[in-house]
Amino acid sequence: MNLSSPDSGNGHRVVFQFVSPDVASQKALISNLKNLLAAWPEVEIEVVVHGPGISLVTTQQTQHARQLQTFADSHHVRFVVCENSLRSKQLSLADMLPFVETVPVAIVELILKQEQGWAYIKGGL
Amino acid sequence: MNLSSPDSGNGHRVVFQFVSPDVASQKALISNLKNLLAAWPEVEIEVVVHGPGISLVTTQQTQHARQLQTFADSHHVRFVVCENSLRSKQLSLADMLPFVETVPVAIVELILKQEQGWAYIKGGL
Amino acid sequence: MNLSSPDSGNGHRVVFQFVSPDVASQKALISNLKNLLAAWPEVEIEVVVHGPGISLVTTQQTQHARQLQTFADSHHVRFVVCENSLRSKQLSLADMLPFVETVPVAIVELILKQEQGWAYIKGGL
């Protein structure tokens, strides 16, 4: 793996944690994903959204539905929300953008992914 | 390790870094710990508290003494504060909640834990 | 590796991500680096600066030029900025402090370092 060699990103895996409510952090995350996919179109990305971060993928609240759909359509980015976070906000999967999936517990998911060798990035500012 | 199989969390280890002064970040950390322990009662957790994060475990300042004590009583969560941070704030271990321990340097602790295979989570928003 | 044994930090490697625009986060990062180098003078550190974090190493904006130069002079800390971030801010390497280097994509760099066994710390509050 060398930054100067041709590299599709195939085999690289990264999990982002996104928990921030703020708009600037949402923009930072989207910019990170765009730049990462431009460099490595075949990288495998999972974005674990929980707590106040959920507004990013809530249909009634998001300002980035179209861009997030483009990421999901690439088949290289999965967005998963925490079921605990949904419950505590009295939301359900039906309130999320259509490509969103769930995991039972965000932190468990972040631990499992790291144990499986995925790199970890805390998203946002 | 499979989210859908019965799993006590035994053998999973995670270190949280907590450095934020803000109340919303404290609530997010506590919520993360609660949900994690509910899913995995035998997970091993260490919370490394440093910098402005120290108010969380300072007896005169914390708003979460009782909840943190419950975590500590579970014997699955350790809270450690950075001795450098204590010195720079002219505080000592006696000013911390009774179950708090110290480490010489927070960042060293976070590096060592990752080298030993612990997952890393940056706590807060 | 034991915190209580004499240890120069030789062989330990850590990558910091720094993306925050705020002054308190800059101070936290600098404090972290100071304390880490005091404990482990031979640790290998890379600070990946991107997004709004770039003001930290922009010559016209930084309030920490002297301290950062001292870190760079130690030959144990490298500061790298993201070329995508430079472009999006219409800046070039010439606008950065003299010891700053670039990487094509910040997130790619953070993934590669973790894959190579470096510990990861999200800098700032």
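Structural remarks
- Here the chain A residue lying nearest the rotation axis onto C, judged by its C-beta and given with the distance in whole angstrom, is A:122, 2.
- Cα-based reach from residue B:34 at 28 Å (exclusive), listing lysines while leaving out same-chain residues under 8 positions away: A:89, A:113, A:122, B:113, B:122, C:122
- The calculated FRET efficiency for residue A:93 paired with residue B:94, based on their beta-carbon distance and R0 = 41 Å, is about 0.25.
- Distances from residue C:104 to itself in the other copies, using label points 7 Å out along the Cα-Cβ axis, amount to 4.1, 4.1 nm in increasing order.
- Annotation for residue A:90, label-to-label distances across the other copies: 4.8, 4.8 nm (shortest first, one decimal, point 7 Å from Cα along Cα→Cβ).
- Value of [θ]222 nm, deg cm²/dmol, for chain C, DSSP H segments ≥ 4, -39500 (n - 2.57) each, nearest 500: -10000 deg cm²/dmol
- Placing a label point 7 Å from the Cα of residue B:117 along the Cα-to-Cβ direction, the distances to the matching points in the other copies come to 1.5, 1.5 nm, shortest first.
Coordinate-derived values only; no laboratory data. Predicted model, so just to flag it, every value in this text is computed and none were measured. Here the Cβ is made from the backbone with ideal geometry for all residues, glycine too, and neighbour counts use every protein chain on show.
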